[in-house]
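Here's the structure, in structure tokens; my notes come after.
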Amino acid sequence: MATVALDHIVKRFGALTVVHDLSLEIADREFLVLLGPSGCGKTTTMRMIAGLDEPTSGEIRIGDERVNERAARDRDLAMVFQNYGLYPHMTVAENIGYPLKVRRVPRAERDVRVRTAAERVELAGLLHRRPAELSGGQRQRVALARAIVRTPRLFLMDEPLSNLDAQLRTVMRAQLKHLQRDLATTTIYVTHDQIEAMTLADRIVIMKGGRIQQSGTPAEIYARPANTFVAAFIGSPP
Ligand code: ADP
């Protein structure tokens, strides 16, 4: 059963159409990467799945349910974006536990779950710090821990590693992969970085100009790019 389905999605901003009749299904537990150059409509697509933006037309389903009219907080998903969105006045523990607090999870249970999530991303020693006292990679891990402290049916990640330096990005990529094997939660991941896509994805969907160019496993896309754009973008051998 598909966990997420986009059915003939169109998104316009005024006269500008940024997503053209896009249809896509994401399978249960799949790690799907939306890949493409800046401006191709990846973030807009993600925001519509998240409930931060509404499609101009078309239907979005999560599980069996049409979610077009559902607010972001009612879609049972967790998001990690590139600016992390941490609360500066809260400690690491409070930041990680926030999604549980707003759902009125009792304090004792919250503490246990925060600790478990923090241990998963190797933050257990930093729970009392504030975001300003952390490195970029540590902040990124707080954002990840906050996403996994619940068990949502869907993770959405939009360029979560793009603010990190190259070395840290490689480390975090490996951690994400590890986490993904551990949690087996359906994930949609947006990036313009083909190496990131190749490393992380079960399946890659390549976009250009608001349209899907190709969908396939990293190996399929690399070996058999659908067109010259895909070949150039992925760096397939000629
Ligand atoms: P990507 O994530 O692939 O870089 P985006 O989805 O952010 O691309 O943007 C796709 C296109 O939509 C771009 O041309 C962008 O300028 C435009 N766009 C995005 N959001 C808005 C908005 N709120 N109003 C008008 N245009 C927008």
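The values are calculated or read from the model by the stated rules, or taken from the named source; none is laboratory data. From a predicted model like this one, the values you see are computed outputs, not experimental measurements. Ideal geometry is used to build each Cβ from the backbone, glycine not excepted, and the neighbour counts take in all protein chains shown.
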| message | When the residues of the range 218-235 are narrowed to those that are closer than 12 Å to Q194 by Cβ and out of contact with any Ser or Thr (no Cβ under 9 Å at 6 or more places or on another chain), which ends up modelled with the lowest pLDDT? | response | G235
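In the range 224-238, how many are part of a helix (DSSP H, G or I) and out of contact with any strand residue (DSSP E or B) (no Cβ under 6 Å at 6 or more places or on another chain)?
Residues in the range 224-238 being part of a helix (DSSP H, G or I) and out of contact with any strand residue (DSSP E or B) (no Cβ under 6 Å at 6 or more places or on another chain): 5 in total.
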| request: Would you be able to tell me the number of residues in the range 203-227 that are under 27 Å from R12 (Cα atoms) and loosely packed, with under 14 Cβ neighbours inside 10 Å? | output: 1
